[in-house]
Amino acid sequence: MSEGRVRPTGPGPTVALSIRALQYAQQFHADNESALAGRLYRFNCLPASPRWLRRLPSPIALRERLDLARAATTTETHAVWRRSGLSPEHGGWILWQRNERHFADRRDFRFKLYLSPTPEELLAQFSSIIHALGETDALAVKLGDTAYGLLRPDKLVAYFRNRGSLQSAARQLSPSFAGMSAHGVPFTASLSENGMLSWGVDPLTNGEDGLQQRESWRGWVTRRLAQALVQARRDTESGVTPWQYALDQLSLAGIDTTTFAPTSPGWVGDEAV
């Protein structure tokens, strides 16, 4: 393995989660693609039990629980991260960006490293995790800002400029998660055997104004899978189960469905996959 690269782990718990999500979604005999995509996207979220809602009833409560106010003013942390104003796409998140001026362009926020400890592990280890991220080339980090955000599998996401820096960061971060329990993010490409670290890349699509805009990786994947599930149910002569048909269609879109990693060079700019 070359320096700075992490070898994809191939089929494992993250892929298994994705298959289970598809098999779950195919049980719903509805033609509402948007609702079906939502079920896929939210798969593996933990229930917002009364216990969690009492512990973290508001974004302020989460900030206090993680002691973010103190962490943001320490010399060491302040030198790396600054809290950033949120655009509409980041509603529901706490966002930090690099202090360095050249890290500020959000158009570079395409390559996503998903860090998925269980909620309890994240609450206990957040300070060490954010410190470890500061030693990588991460451009920004976002964290779900409520109990609901903490209970979703993709609760913590770091952004990188390219695939190489993301994979190098995964190698650096792996020791920081040793011994922690993983939650696991469906429809992402695993970078660790237990599903703690995984990745995706937001595709660029043309907006109504003709300008390119980013679309959420998992949103893009689940939307296409939902479309394929509905299409498969309508095509009763295909002889293929809906979830298998959906995987076949996703493969045609340039995704390796044995790992859920993009396979087309077009997904990663000038980098070969």
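The values are calculated or read from the model by the stated rules, or taken from the named source; none is laboratory data. Predicted model only: the values in this text are computed from it and were never measured. Reconstructed Cβ throughout: ideal geometry from the backbone, glycine too, with neighbour counts over all protein chains shown.
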Is one or more of the residues making up the stretch 77-90 out of contact with any strand residue (DSSP E or B) (no Cβ under 8 Å at 6 or more places or on another chain), surrounded by 18 or more Cβ atoms within 10 Å (Cβ to Cβ) and at pLDDT below 95? yes
Filtered residues of the stretch 196-221 (kept if in contact with a Ser or Thr (Cβ under 9 Å, 6 or more places away or on another chain), at pLDDT 95 or above and not hydrophobic (A, V, I, L, M, F, W, C)): Ser198, Gly200, Arg218
In contact with a Leu (Cβ under 9 Å, 6 or more places away or on another chain) and in contact (Cβ under 8 Å) with a residue 60 or more places away in the chain: does that describe Phe111? yes
Please state which of the following conditions Asp154 fails to meet, knowing it meets all the rest: (1) under 22 Å from Arg39 (Cα atoms); (2) assigned to a strand (DSSP E or B); (3) in contact with a Lys or Arg (Cβ under 8 Å, 6 or more places away or on another chain). (2)
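Please count how many residues of the stretch 170-181 are polar (S, T, N, Q) and part of a loop (DSSP other than H, G, I, E, B).
Within the stretch 170-181, the first condition is being polar (S, T, N, Q), and the residues that meet it are 172, 174, 176, 181.
Of the ones still in play, those that are also part of a loop (DSSP other than H, G, I, E, B) are 181.
Qualifying residue count, the stretch 170-181: 1.
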Residues of the stretch 12-27 classified as surrounded by 15 or more Cβ atoms within 10 Å (Cβ to Cβ) and not in a helix (DSSP H, G or I), total: 2
